[in-house]
Amino acid sequence: MKSFFIGRYEIKLPIIQGGMGVGVSLSGLASAVANEGGLGVISAAGIGLLYPNMQGSYLQKCIYGLQEELRKAREKTKGVIGVNIMVALSNFSDMVRTAITEKADVIFAGAGLPLDLPSYRTADCSTMLVPIVSSARAAQLICTKWQTHYNYLPDAFVVEGPKAGGHLGFKTNQIGDEQYALEHLVPEIVAVAETYKDTKTIPVIAAGGISTGKDIARFLQLGAAAAQMGSIFVPTNECDASENFKKVYLKSEQKDIRIIQSPVGMPGRAFDGEFIQNVAEGKEKPRTCAFHCIKTCDYTKSPYCIIEALYNAARGNMKKGYAFAGANAYLANKIRSVKEVIDQLKNDLLFAQPAL
């Protein structure tokens, strides 16, 4: 597998582990992927819930939680570690500042356009900045804004297509439209990146529904430098979620994956279950909001509290939560180690090389 660079950091394996909150991808999973040569990613979403015994408000606990997860990851690996921070988070600024201060190698920012992300860079900043986009228009807008206002260009782009798990940057009627397929998006965003090649090399990372080495090979052929994969790493020993959460992936079938409407204001892809059915019947409406975690969320109009639902699920209480999942997440049939998953991907990619 050919390595590539995100800014100053060489990624030996063209595999980025997707950031999965709340409590699904933390230091355990991220460090395991980094140890195999990929780029491991800690999700900052809801991280304060994982440290309930710490002093202070939820927002203060989030800062402490991110510091702790980065510290623990550094104890387990010398590889490249990133942080996924949703732009929609009310504490986006705090999380970005904390990631930069703690010298996370990369920040991945999606669920909104991170138009001011370079403004948080410090004089000694060693953190690379990577927006997650779903269109060439968004990629071009970010490049223009960043270059004009901050004299900075993205260190890479993640292009997330409509087969991804979790929140999707598409309208519901676009998700099944082939014109918005990842195969169309990647070449378009590679073309945007190419227009800046005399100033900076901006690698493009394909994401969404990628589940095999053959898939990786296909997107490398389309110009991507790497693939981001999330769901494939959930049913692993090192994934930070509970065993009950992982078993949802093992027991589910393709028919169990559905598109839901998230309180964040975006459609999302998840495994169906009792909680989602209760939401549809209006049984999970929140009475208060203890976290104020999402900028766009109004609990008086929200069908449920998303941060509590995701936290409950990651802890194994599937009656009070649900699992986000990519379009091919149902293919999982056993719990493996991260090494086994990556060895299989490397083997598959080796046999797919003639296609390149």
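Taking a ≥ b ≥ c as the square roots of the eigenvalues of the Cα gyration tensor of region 218-273, is the shape rounded (a/c under 1.5), prolate (a/b larger than b/c) or oblate? If you can, show how the numbers build up before the last one.
Values: a/c = 1.94, a/b = 1.26, b/c = 1.54.
Taking the square roots of the gyration eigenvalues as a ≥ b ≥ c, region 218-273 is oblate.
Determine the dipole magnitude for the chain: charges of +1 sit on the beta-carbon of Lys and Arg, -1 on that of Asp and Glu, nothing else is charged, the reference point is the Cα centre, and the result goes in debye to the nearest 20. Write out the running numbers ahead of the final one.
Details: 38 positive and 33 negative charges, 87 e Å.
In debye, rounded to 20, the chain gives about 420.
Give me the distance between the Cα centres of region 42-61 and region 289-331, rounded to whole Å.
Going from one Cα centre to the other spans 16 Å.
From the square roots a ≥ b ≥ c of the eigenvalues of the alpha-carbon gyration tensor of region 1-145, which class results: rounded (a/c under 1.5), prolate (a/b over b/c), or oblate? Each step should come with its number before you reach the end.
Working: a/c = 1.65, a/b = 1.11, b/c = 1.49.
Oblate shape, in that a/c is at least 1.5 and b/c is the bigger or equal ratio.
Looking at the chain, which longest stretch skips every one of the GluC sites (Glu not before Pro) that is in a DSSP loop with at most 14 other Cβ atoms within 10 Å, leaving the sites themselves out?
Details: sites that count: E253, E281.
The longest uninterrupted stretch comes out as 1-252.
Taking only C-alpha pairs under 8 Å that are 6+ residues apart, what is the relative contact order of region 160-215 in percent?
Values: 49 pairs, mean separation 23.7, N = 56.
Across region 160-215, relative contact order equals 42 percent.
Find out how many positive minus negative residues lie around K255, taking Lys and Arg as positive, Asp and Glu as negative, among other residues whose Cβ is under 15 Å from that of K255. Walk me through the numbers on the way to the answer.
On the way: positive: K251, R258, R269; negative: E253, D256, D272.
Charge balance in the 15 Å sphere: 0.
Region 148-169 to region 82-147: how many Å between their Cα centroids?
When both Cα centres are located, 9 Å separates them.
What does the charge count near L153 come to, summing +1 for each Lys or Arg and -1 for each Asp or Glu among other residues with Cβ under 12 Å from its Cβ?
Details: positive: K145, K197, K200; negative: D155, D198.
Here the charged neighbours net out to +1.
Please work out whether region 106-228 counts as rounded, prolate or oblate from its C-alpha gyration tensor, where a ≥ b ≥ c are the square roots of the eigenvalues and a/c under 1.5 means rounded, while otherwise a/b larger than b/c means prolate and anything else oblate?
Details: a/c = 1.80, a/b = 1.56, b/c = 1.16.
Because a/c hits 1.5 or more and a/b exceeds b/c, region 106-228 counts as prolate.
Given Cα pairs under 8 Å that are at least 6 residues apart, what percent is the relative contact order of the chain? Intermediate values should be presented prior to the final figure.
Values: 779 pairs, mean separation 62.9, N = 356.
It comes to 18 percent, rounded to a whole number.
Which value, in Å to one decimal place, does the Kirkwood hydrodynamic radius take for region 267-356 when every pair of different Cα atoms is included? If you can, show how the numbers build up before the last one.
Values: mean 1/r = 0.0627 Å⁻¹.
15.9 Å is the Kirkwood radius here.
If contacts are Cα pairs under 8 angstrom and at least 6 residues apart, what is the relative contact order of region 228-356 in percent? Walk me through the numbers on the way to the answer.
Numbers: 179 pairs, mean separation 45.6, N = 129.
After rounding, I find 35 percent.
What does DSSP give for the chain in terms of the percent of beta bridges that are antiparallel, rounded to the nearest 5?
Numbers: 12 of 40 bridges.
Here the antiparallel bridges make up roughly 30 percent for the chain.
Net charge around L168, counting only other residues with Cβ within less than 11 Å of its Cβ (Lys, Arg = +1; Asp, Glu = -1)? Write out the running numbers ahead of the final one.
Working: positive: K163, K171, R269; negative: E160.
Value of the local net charge: +2.
Which order do D105, D94 take by accessible area at a 1.4 Å probe, largest first? Don't skip to the answer; put the middle values down first.
Values: D105 15, D94 55 Å².
Ranked list, largest accessible area first: D94, D105.
With unit charges on the beta carbon (Lys/Arg positive, Asp/Glu negative), name the residue among P235, H292, I307 whose Cα is farthest towards the positive pole of the charge dipole of region 231-353.
H292
Determine which aspartates and glutamates satisfy two conditions relative to K251: a Cα distance under 13 Å, and not lying fewer than 8 residues away in the same chain.
Qualifying aspartates and glutamates at Cα under 13 Å: E243, D272.
If the only charges are +1 at each Lys and Arg Cβ and -1 at each Asp and Glu Cβ, what is the size of the charge dipole of region 56-206 around the Cα centre, to the nearest 20 debye?
Details: 15 positive and 16 negative charges, 81 e Å.
It works out to roughly 380 debye.
Let's see if you can work this out: charge +1 on each Lys and Arg Cβ, -1 on each Asp and Glu Cβ, no other charges. What is the dipole magnitude of region 292-352 about its Cα centre, in debye to the nearest 20?
Working: 9 positive and 5 negative charges, 38 e Å.
It works out to roughly 180 debye.
Please compute the volume of the convex hull spanned by the alpha-carbon atoms of the chain and report it per residue in Å³. Don't jump to the answer; show the numbers that get you there.
Details: hull volume 45.8 nm³, N = 356.
In the chain, the Cα hull volume divided by residue count equals 129 Å³.
Per-residue ellipticity at 222 nm for the chain, helices alone: DSSP H runs ≥ 4 residues times -39500 (n - 2.57), over residue total, nearest 500 deg cm²/dmol? It would help to have the intermediate numbers written out before the result.
Numbers: 10 runs with 115 residues, N = 356.
So the calculated ellipticity at 222 nm is -10000 deg cm²/dmol.
I'd like the accessible area for S43, computed on protein heavy atoms only with a 1.4 Å probe and all protein chains in place. Round to 10 Å², please.
Counting only protein heavy atoms, the figure is 0 Å².
The values are calculated or read from the model by the stated rules, or taken from the named source; none is laboratory data. These figures come from a predicted structure and were not determined experimentally. Neighbour counts are summed over all protein chains in view; Cβ atoms, including those assigned to glycine, are modelled from backbone coordinates with ideal geometry. Heads up: the accessible areas ignore ligands, DNA and RNA and are worked out on the full protein's heavy atoms, side chains in. Shrake-Rupley method; radii C 1.70, N 1.55, O 1.52, S 1.80 Å.
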